[in-house]
Amino acid sequence: MSADEKMIWDVGIIGAGASGLAAAVLCGREKLKTLLLEGEASAGAKILISGGGHCNITHREVTEKDYGSEAPRKVRHVLKAFSPEETAAFFESLGVPLVAGEGGKIFPSPSSGRAVVEAFLKEIRPLGVRIETKKKVGSVVFRAGLFLIKGRDFEYFSKTVVLCTGGLSYPSTGSDGTGYEIAKAFGHHLISLTPALTPFLTTDPDCKNLSGVTLSVCLSLWAGGKKASESRGDFLFTHSGFSGPVVLDISRHWIRRRTEGRAEVKADFLPRIKEADFRLQMIQACRKTPAKTLKKFLSVFLPERLAGMLLEKRGIDGNLILNQLGREAREAVLKALFHFPLPVNGASGYDKAEATAGGVDLDEVDSATLESKFQKGLFFAGEILDADGRIGGFNLQWAWAGANVASAGVLRRLRERETD
Ligand SMILES: Cc1cc2nc3c(=O)[nH]c(=O)nc-3n(C[C@H](O)[C@H](O)[C@H](O)COP(=O)(O)OP(=O)(O)OC[C@H]3O[C@@H](n4cnc5c(N)ncnc54)[C@H](O)[C@@H]3O)c2cc1C
């Protein structure tokens with residue numbers, strides 16, 4: 001048994017991803033005897049690939065509406081405890097200033113996930129935090145007032161534990177769901193798990209042929225005849241289906257609705273124009289430029305290949321001149337442009353998902369501390385909990401906020417232990 005294994009740690013943090021690294025810094029700064037265990041050979045693998053390597057670290061404005069969860073009020077409680085401004089101050093304290101990007105996104109400067117991970121590691125070492133890699137935790141049990149954290153060839157004792165093991169997304173970064181099993185062993189229930197922020201798949205050859213075409217769209221999800229959700233943003237046709245932020249954002253809703261029954265995604269390819277206004281424009285164009293082909297008229301608004309495909313699907317000849325366009329054909333064109341049923345046949349799995357929807361039920365943790373309601377001293381932070389954000393820095397903000405709330409909870413619990 002090594003000296004570390006004989007020691008009783010104040011806090012054992014399991015998982016050195018976004019939330020685990022932040023929690024380690026915060027606990028280290030409080031001079032807690034902090035042990036950070038990581039199953040992989042190095043820390044922060046997911047931070048490195050976040051935002052395509054640029055690490056979209058948070059967002060200018062963050063509310064519970066930016067997240068999917070069964071417990072939105074609990075999400076709000078956690079987010080309120082640690083704002084994006086506090087995130088900025090935290091990273092400033094690590095020597096990583098934040099800068100605004102487009103659409104409210106916030107990035108580190110330099111905009112690199114590596115700079116973020118290096119800043120964490122640089123801060124952690126002098127604080128005396130013990131970071132151990134290649135230590136995959138298999139179980140955690142509470143015995144005689146202490147947590148016993150066990151892996152294949154190690155065991156550690158600690159007074160408190162923070163589970164920061166992430167979800168199931170991108171398992172190549174080390175998050176393989178073992179944390180859920182540890183939570184379940186303490187009696188926790190999971191809100192059903194599905195991939196989130198993942199591309200759609202199609203078998204439609206016409207759509208696949210458009211691979212590489214990008215544009216801004218509005219996608220709406222329809223279930224049981226009602227619009228269940230809507231998302232706007234950049235859209236990309238790929239060789240296997242559809243991607244881009246707007247697709248990733250709506251994917252969690254589609255996947256979850258699909259398990260309940262039929263769910264359909266409709267695309268509005270002209271989200272900046274109202275359908276009624278476009279109808280009027282078409283009627284005027286028919287009068288003013290009757291010899292113009294439909295194809296030519298649409299080319300001002302849409303990529304030509306896309307317009308061609310949409311017309312073909314509706315059986316409308318793009319070479320028709322506007323003069324020949326009757327009311328019925330005009331309405332069919334409008335339907336194709338504004339209410340196109342996207343032929344989604346599936347969604348990519350966890351290997352391509354940027355987040356996991358579902359997780360440890362937030363109603364089973366104290367939202368003021370993220371401590372388990374079933375086991376004193378056991379805390380959670382990050383993706384393991386039932387909250388998944390949309391594209392824009394919301395998932396990392398959830399990780400930073402959770403780490404902050406849980407670390408403060410750990411400190412409080414340890415103080416209470418001392419006075420017991
Ligand atoms: C490709 C991609 C791009 C993304 N881009 C962004 C972005 O730009 N902005 C944004 O806000 N979010 C982004 N995200 C999401 C964001 O990275 C995650 O939400 C966030 O990293 C989750 O933090 P976490 O600490 O909960 O889990 P993770 O960062 O996944 O960390 C979990 C850690 O726990 C370790 N672990 C797991 N089980 C064990 C165990 N049993 N024992 C020991 N260690 C264990 C894992 O190896 C891992 O290191 C992206 C995700 C992906 C996949």
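The values are calculated or read from the model by the stated rules, or taken from the named source; none is laboratory data. In this text the structure is predicted, and so the values were computed from the model without any measurement. With ideal geometry, Cβ positions are generated from the backbone for all residues, glycine too; neighbour counts draw on all protein chains shown. The protein model used for the area step is the full one, side chains on, heavy atoms only, and it has no ligands, DNA or RNA in it. Shrake-Rupley method; radii C 1.70, N 1.55, O 1.52, S 1.80 Å.
Annotations for the structure displayed:
- Cα-only Debye scattering, the stretch 51-160: base-10 log of I(q)/I(0) at q = 0.16 Å⁻¹: -0.98
- D_trans [Stokes-Einstein, Kirkwood Rh over alpha-carbon pairs] for the stretch 1-92, 25 °C, 0.890 mPa s, µm² s⁻¹: 159 µm²/s
- Compactness check for the chain: Cα Rg over 2.2 N^0.38 Å is 1.15.
- For K134, the lysines whose Cα comes closer than 18 Å to its Cα, not counting residues fewer than 8 places off in the same chain, are K46, K150.
- As computed over the stretch 72-220, the Cα convex hull volume per residue (Å³): 224 Å³
- From the Kirkwood radius over Cα pairs of the stretch 199-348, Stokes-Einstein at 20 °C and 1.002 mPa s returns a whole-number translational diffusion coefficient of 135 µm²/s.
- Residue among Q324, P110, F237 farthest towards the positive dipole end of the chain, charges placed on Cβ: Q324
- Expected-Rg normalisation [2.2 N^0.38 Å, Cα atoms] applied to the stretch 161-254: 1.38
- Simple point charges give the picture: +1 on the Cβ of Lys and Arg, -1 on the Cβ of Asp and Glu, and for the chain a dipole about the Cα centre of about 940 debye.
- Computed 3J(HN,Hα) for the stretch 171-179, one whole-Hz value per residue from the Karplus formula 6.51 cos²θ - 1.76 cosθ + 1.60 where θ = phi - 60°, is x, 4, 8, x, 8, 10, x, 5, x, glycine and proline marked x.
- Carbon + sulfur, % of accessible area of the stretch 232-319 - ligands and nucleic acids excluded, 1.4 Å: 48 percent
- For the stretch 268-316, convex hull volume per residue from C-alpha positions, Å³: 83 Å³
- Which listed pairs, of K135/K184; K65/K135; K208/K352; K136/K352, have C-alpha distances above 27 Å, in listed order: K65/K135
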